[in-house]
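Have a look at the structure below, then the notes.
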Amino acid sequence: MSDVSCTQPVERCDLLLTGGAVVTVDDDRAVHERGAVAVRGDRIAAVGTERELAGWRADTVLDCRGKAVLPGFVDGHSHLFQALARGLGEGMSIVPWLCEFMWPYSIALTGEEAVAGARLGVVEALRAGITTVVDNHYAPSDLATTLAVADVIEHAGLRGAVARGMAGERTEIAARRGQPDGLFRYSNADELVLTRDAIGHRPPGSKVEVWPAPLNLTYVGQRLVRSAVEMARELGTRWHTHCCEGASDPSGYLEAYRTRPVQWLADEGLLDHHATLAHAVWLDDKDIESIAEAGAGVAHNPTSNAYLASGTIRLAELRGRGVPVALGTDGPSCGHRQDPFECMKQSVFAQRLATLDPTAMRAEDALELATREGARYAGVDAGVLAPGRLADIVVVDLDRPHLRPLNRLVSQLVYAARGADVDMTIVGGRIVYADGRCRLVDQDEAMADAQHHADRLLARTGLGR
Ligand SMILES: [Zn+2]
């Protein structure tokens, strides 16, 4: 025992992680090379060097030597139900990808299949260190399936939100783009009733909340978007939508409504700090200014944007104006892996390619997006390792050939590490993934079940042929 511990009063906690390289991502961006984190209940009680925490005692002590200890990752935009479609949809940009592949898949999907996909998706997420997920669920979006997906997320140990996607009544723009009728299966009124019901079951403050999510600002009708925002305000939730993902989104909107989607929201007073906008690639200066002024958040999906050749977000301008920018995987099908490490690396590379400036974004920025900025965006009190914050923690095994020699930890976490290097995932002080096993969900069963349902779905629909 060190002399320091002799002079320190003994403090008790439930879980103590000791000896690891603790990357706090706190306000000082402190990194403790031999650090420790004490957890009491679902919150972090203390963070510091191993010596500073030498007086702490715990029921469970985790020896983290040779490992990195980080805040849990926030996936700011996912579609867990798309897990059964992994590997399909090759070589298309966003509109044909949706019209010819993802919407036919979504329309054909049964509730049971969506739940099987979501269960596989959460297993993958937990194993990669994701602790919060914003799951934009839209197929099928009946009440039972929506709530079942929320249950799958919570029962596996994750926190987050199911942003219930609403297509509503088919608009001019949707018809012009050739979007299939089957996607628009509910009236606007029915969409709103279903969403309100789902939020009633999982109100704000739930471990997995439900948020209203008009699917896309461009092709969902303005009346439904307005009602969704009003509902979010009335019930005190965030709201979610796809925003200007493809280059034709603002131009098509301009043609139909003589304004841009973000501008319409801003002019109507609908853009606010409850808004979480997925993608936000094709923004002009005024759009960026409006998003910043409103305090709205953005989910940046670099792997998906590259896969679908959608374009590159104006990250420096958004962050420079204080916009909370999360990273998102866009789900298991659009980029094919829910790996926050891959998204961090891709986010840096995309900025460097777009600007031809190697300093446009650094590894530290990427880690901020995936953790503290993601938490700010999603409205969860996590994303940093600091006393009082939720104990959402990831332990990464550094004892791997591709992570040695250890020279510059944050760079190596962003550029060299992978989701598969995650050793342990802790959500709210509870170990939900360790020793290669998810603790609360049977991952072998989830994989077998997903394969079974994917085989049947593909045989039934001819998708993938
Ligand atoms: Zn998406």
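Look at residue 177 and say whether it is open to solvent by 10 Å² or more (accessible area, probe 1.4 Å) and closer than 24 Å to residue 116 by Cα. Judged against the criteria, residue 177 is not a match. For region 341-367, a residue qualifies if it is more than 16 Å from the ligand (Cβ to nearest atom), open to solvent by 10 Å² or more (accessible area, probe 1.4 Å) and within 11 Å of residue 302 (Cβ to Cβ), and the qualifying residues are 342, 345, 349, 350, 351, 353, 354.
Anything in region 137-174 that is more than 22 Å from the chain's Cα centre (by Cα), surrounded by 18 or more Cβ atoms within 10 Å (Cβ to Cβ) and part of a loop (DSSP other than H, G, I, E, B)? List them, or say none. The answer is 168, 171.
The helices (runs of 4 or more DSSP H) located wholly in region 256-334 that include 3 or more residues which are touching a Ser or Thr at 6+ places or on another chain (Cβ under 8 Å) and more than 16 Å from the ligand (Cβ to nearest atom) occupy 261-267.
The residues of region 282-296 that are of a type in the set (Gly, Ala, Ser) and under 14 Å from residue 316 (Cα atoms) amount to a single one, 292. Just so you know, in region 37-85 the residues that are without any contact (Cβ under 8 Å) to a residue 40 or more places away in the chain and buried (at least 24 other Cβ atoms within 10 Å of the Cβ) include one that is nearest to the ligand (Cβ to nearest atom), and it is 38. With respect to residue 384, determine if the residue is out of contact with any helix residue (DSSP H, G or I) (no Cβ under 7 Å at 6 or more places or on another chain) and part of a loop (DSSP other than H, G, I, E, B). Against the criterion (out of contact with any helix residue (DSSP H, G or I) (no Cβ under 7 Å at 6 or more places or on another chain) and part of a loop (DSSP other than H, G, I, E, B)), residue 384 does not qualify. When residue 195 is tested against (1) under 24 Å from residue 273 (Cβ atoms); (2) among the hydroxyl-bearing types (Ser, Thr, Tyr); (3) outside any helix (DSSP H, G or I), exactly one condition is not met: (3). Among the residues of region 86-105, those identified as more than 14 Å from the ligand (Cβ to nearest atom) and either free of Cβ contacts under 8 Å to residues at least 12 places away in the same chain or open to solvent by less than 20 Å² (accessible area, probe 1.4 Å) (or both) are 90, 91, 96, 100.
The values are calculated or read from the model by the stated rules, or taken from the named source; none is laboratory data. Keep in mind that this is a model prediction, so the values were computed, not measured. Every residue, glycine among them, receives a Cβ derived from its backbone with ideal geometry; neighbour counts consider all protein chains shown. What goes into the accessible areas is simple: the full protein's heavy atoms, side chains included, and nothing from ligands, DNA or RNA. Shrake-Rupley method; radii C 1.70, N 1.55, O 1.52, S 1.80 Å.
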